[in-house]
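Note sheet for the following structure.
Any read-out appearing in this document is the output of simple, stated calculations on the displayed coordinates, not a laboratory observation. Given the structure is predicted, the values throughout are model-derived calculations rather than measurements. Here Cβ is always computed from backbone atoms with ideal geometry, including for glycine, and neighbour counts include all displayed protein chains.
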Number of protein chains: 2
Amino acid sequence: MTQATIRDVARHAAVSVASVSRALNGAASVSPATRDRVQASARALGYVPNAAARSLSLARSNTIGVVLPELHGEFFSEIVRGMDRAAGSLGLQLLLSNMHADVELAAHALRAMRGRVDGLLIMAPELAAATLIDALPGQQPAVLINCAAAGRSHPGFGIDNRAGAAAMVRHLLAQGRQRIVHLAGPGSNLDARERQEGFTAAMAELAPGAPVEVLAGDFHEETGMAAAQALLSRGPACDAIFAANDQMAIGAMRALQDAGVDVPGRIAVAGFDDVPVARYLALSTMRVPIAEMGARALARLARLIDGTDTTTDVELLVPELVVRGTTATGAISNKNPQEEPTS
Amino acid sequence: MTQATIRDVARHAAVSVASVSRALNGAASVSPATRDRVQASARALGYVPNAAARSLSLARSNTIGVVLPELHGEFFSEIVRGMDRAAGSLGLQLLLSNMHADVELAAHALRAMRGRVDGLLIMAPELAAATLIDALPGQQPAVLINCAAAGRSHPGFGIDNRAGAAAMVRHLLAQGRQRIVHLAGPGSNLDARERQEGFTAAMAELAPGAPVEVLAGDFHEETGMAAAQALLSRGPACDAIFAANDQMAIGAMRALQDAGVDVPGRIAVAGFDDVPVARYLALSTMRVPIAEMGARALARLARLIDGTDTTTDVELLVPELVVRGTTATGAISNKNPQEEPTS
DNA sequence: TTGTAGGCGTTATCAC
DNA sequence: GTGATAACGCCTACAA
């Protein structure tokens with residue numbers, strides 16, 4: 001026997017399909033007697049409404065399309081967790097799809113969601129604004145996360161990378177560091193660019209005389225190691241390495257420690273993101289509220305869908321400075337890395 | 001202007017909707033001329049097929065429902081990554097929903113997917129077999145992951161926890177450890193139970209005379225700390241702690257090191273899972289191929305859906321022993337300071 | 001090769 | 001309060 005439809009229930013309860021629909025959806029006026037009969041029949045037949053049919057009829061799916069790039073473990077799970085939490089409390093489902101770097105595929109993925117989702121949550125830190133806008137299905141409500149394209153036609157969310165970088169620079173300077181080297185991320189990445197800009201701007205403002213140096217990087221641990229080794233084996237030494245993300249910072253730490261360099265005694269190391277590993281390695285970093293960003297983006301998309309919120313500005317979430325052993329002045333105090341604030 | 005439908009395209013191309021459908025779906029016989037006209041019109045109007053309508057008509061959604069419990073960062077992202085990878089290569093989408101411990105809610109979540117997905121990927125290590133089977137929509141193809149219910153009516157995937165635990169026991173014994181204490185996970189969790197059983201079985205077989213001790217735990221780091229402290233402050237000492245997961249192992253390590261106990265000199269520590277942090281802390285552990293499990297489960301579900309595979313057995317993935325510093329015999333590998341930040 | 005028409009399962013608009 | 005019935009957008013026999 002195949003799945004029961006609303007017609008089966010109607011027949012079983014000896015009423016019309018209209019009454020079944022009304023009885024089951026609560027809303028309209030139905031006599032208690034028929035409602036009970038309908039509910040009993042539905043239960044007896046194991047009836048479950050067909051979501052596709054309902055979506056077609058209502059032109060609403062109660063589903064949010066989520067398009068993310070290939071991203072590393074923690075970031076991915078955190079942002080999805082935030083979205084899922086918000087979606088659950090709003091009675092929405094999440095349709096996942098990962099955005100390939102290929103624009104063709106990305107556009108295809110977006111199109112495939114038409115009629116299946118009520119709105120889109122898109123994160124594409126590597127895609128240029130115009131490219132993305134073109135790929136967007138015309139009428140679909142969408143919220144852009146970490147997108148260069150956000151703010152104009154579509155609302156967006158992002159990390160205040162400039163403020164974050166500035167906060168770290170301020171911290172390092174306050175610790176007495178004089179020559180801070182920034183290990184940048186890939187130029188194709190929006191966050192990486194903003195962090196670098198934040199760094200140079202903050203240095204120019206807070207330490208006008210100090211040397212400003214930026215090394216190219218790619219967000220990978222190996223690159224952090226290589227950069228640190230290069231720094232050691234060349235001319236004027238630096239006394240602080242501020243990496244554009246934690247992975248590179250960790251790589252730098254390893255290389256420095258392998259070379260017997262005192263961290264932070266001789267060189268301080270700082271990262272960005274606060275991945276879980278950072279706590280164990282006592283790495284100072286900027287904590288990025290990823291889950292919160294996901295949750296807030298979802299909530300805003302929901303408001304956009306039901307017309308409650310029609311703004312298109314970009315909301316920036318400010319990272320929080322987390323000071324640990326790798327930038328502490330004097331004695332390193334990572335004796336108990338567990339005393340970190342819980343997220 | 002609202003989204004174009006197949007009728008708009010038909011009108012624009014001066015053909016029937018049937019021809020549009022045929023032309024766009026490639027399959028049937030259409031004259032090259034009309035196909036070109038249709039494609040041109042579709043592009044001109046920005047036509048994208050409505051997935052809900054198509055699902056309703058075809059009784060197929062090309063979507064897989066994924067139901068996961070609340071799980072910690074890495075596990076979640078890894079398994080979803082595996083599924084997503086496999087889904088992408090098969091042209092399938094992923095509809096996410098997290099399974100709440102509450103059976104009512106779980107059943108509701110499963111029901112809500114009716115008509116929206118072609119099959120279900122369910123992971124519920126905490127739910128009893130019968131409960132889960134009851135909650136399953138009757139006809140829906142489903143693959144169970146880490147479920148006690150797998151293997152009977154539904155195919156399943158799982159970790160060979162017994163073999164994994166045995167491998168770790170063998171390793172610890174080979175390292176000369178005599179008194180191994182197992183720090184178990186929550187009894188409600190299938191993996192935890194199997195790991196514990198694997199431990200006791202392996203001990204009975206490989207070290208018949210040795211004392212076998214099991215401490216209750218809950219998979220949390222704090223519990224690992226508390227357990228280690230308790231072990232230190234009581235009677236006969238042990239020389240190895242084998243935790244049911246990495247989190248507890250890490251907690252135990254910290255407690256031991258805080259107490260000045262030489263690890264692994266006096267007490268070896270081992271975990272299970274190989275979370276990313278494990279590498280940085282030089283924790284020996286069993287590596288669980290999570291992404292692979294997700295990918296294979298999805299592939300098998302796809303075969304189940306198209307009738308290619310109708311078996312219902314459980315496939316077990318074997319964890320791999322990863323030996324690091326915390327179980328090494330002789331010289332402790334603390335020589336690499338960055339692997340032991342609390343030194 | 002192409003067009004007509006019926007059906008997929010629901011909801012909503014009418015009459016009654 | 002209840003019951004026909006027309007959408008919703010697409011696919012697919014069946015005819016032509």
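Here the protein assembly as shown is assigned +1 on the Cβ of each Lys and Arg and -1 on the Cβ of each Asp and Glu. Its dipole about the Cα centre then comes out at about 2260 debye. Give the nm distances, rounded to one decimal, from A:Ala237 to the matching residue in every other copy, measuring between label points 7 Å along Cα toward the beta carbon; shortest first. Sorted ascending, the copy-to-copy spacings read 4.1 nm.
Label points for B:Ala210 are taken 7 Å from Cα along Cα→Cβ. From this copy to the others they lie 5.4 nm apart, shortest first. Per residue of chain A, the DSSP helices (runs of n ≥ 4 H) give a summed -39500 (n - 2.57) that works out to -13500 deg cm²/dmol at 222 nm. For B:Asn245, the residues whose amide H sits under 5 Å from its own are B:Phe272, ignoring neighbours fewer than 5 places away on the same chain, with H placed 1.01 Å from N.
On the principal axes of its alpha carbon atoms, chain B extends 88, 44, 31 Å, with the longest extent given first. Projecting the Cα atoms of B:Gly91, B:Pro186, B:Ile241 onto the dipole axis of chain B, where Lys and Arg carry +1 and Asp and Glu carry -1 at the beta carbon, places B:Gly91 farthest toward the positive end. Just checking the listed ones, A:Leu45, A:Leu120, A:Leu68: in the Gaussian network model of chain A with Cα springs under 10 Å, the one fluctuating most is A:Leu45. Fully extending the segment from A:Ala27 to A:Arg60 would add 10.2 nm, taking 0.36 nm per residue of separation and subtracting the current Cα-Cα distance. When the alpha carbon coordinates of the range B:6-58 are projected onto the principal axes, the ranges are 30, 23, 15 Å, largest first. Starting from the Cα gyration tensor of the protein assembly as shown, take the square roots of the eigenvalues, sort them a ≥ b ≥ c, and report rounded, prolate or oblate (rounded when a/c is under 1.5, otherwise prolate if a/b is larger than b/c, else oblate). Verdict is oblate for the protein assembly as shown. For the range B:185-190, backbone phi angles converted through the Karplus equation (6.51, -1.76, 1.60; θ = phi - 60°) give residue-by-residue couplings of x, x, x, 6, 9, 4 Hz, Gly and Pro being listed as x. Going by neighbour counts of Cβ atoms within 10 Å, the residues B:Phe199, B:Phe76 line up, fewest first, as B:Phe76, B:Phe199.
Summary for B:Arg152: label point 7 Å along Cα→Cβ; distances to the equivalent points in the other copies, ascending, 5.9 nm.
From the alpha carbon centroid of the range A:231-303 to that of the range B:242-320 is 26 Å.
Which of A:Gly26, A:Gly251, A:Gly217 ends up with the largest GNM mean-square fluctuation for chain A, with Cα atoms connected below 10 Å? The residue with the greatest mean-square fluctuation here is A:Gly26.
With contacts taken as Cα pairs under 8 Å and at least 6 residues apart, the range A:6-58 reaches a relative contact order of 33 percent.
About the Cα centre, and with charges only on the beta carbon of Lys, Arg (+1) and Asp, Glu (-1), how big is the dipole of the range B:79-234? Nearest 20 debye, please. Magnitude of the dipole: close to 320 debye. Largest GNM mean-square fluctuation across B:Ala130, B:Ala282, B:Ala42, computed for chain B with C-alpha springs under 10 Å, falls on B:Ala42.
When the P(r) is computed for the range B:163-230, the part past 18 Å accounts for 37% of the Cα-Cα pairs. Distance from the alpha carbon centroid of the range B:94-141 to that of the range A:91-115 works out to 24 angstrom.
Computed 3J(HN,Hα) for the range A:198-210, one whole-Hz value per residue from the Karplus formula 6.51 cos²θ - 1.76 cosθ + 1.60 where θ = phi - 60°, is x, 4, 5, 5, 5, 4, 4, 7, 8, 9, x, x, 5, glycine and proline marked x.
Residue order for A:Phe219, B:Phe75, fewest other beta carbons within 10 angstrom first, comes to B:Phe75, A:Phe219.
The spread of Cα positions in the range A:43-84, taken along each principal axis and listed from longest to shortest, comes to 45, 25, 15 Å. Translational diffusion of the range A:51-144, estimated by Stokes-Einstein from the Kirkwood radius over alpha carbon pairs at 4 °C in a medium of 1.567 mPa s, is 94 µm² per second.
Among B:Ile122, A:Ile267, sorting on how many other beta-carbon atoms sit within 10 Å of each Cβ, with the fewest leading, yields A:Ile267, B:Ile122. Between amide H atoms placed 1.01 Å from N, distances below 5 Å from A:Thr63 occur with A:Gln93, A:Asp118, all of them 5 or more places distant or on a separate chain.
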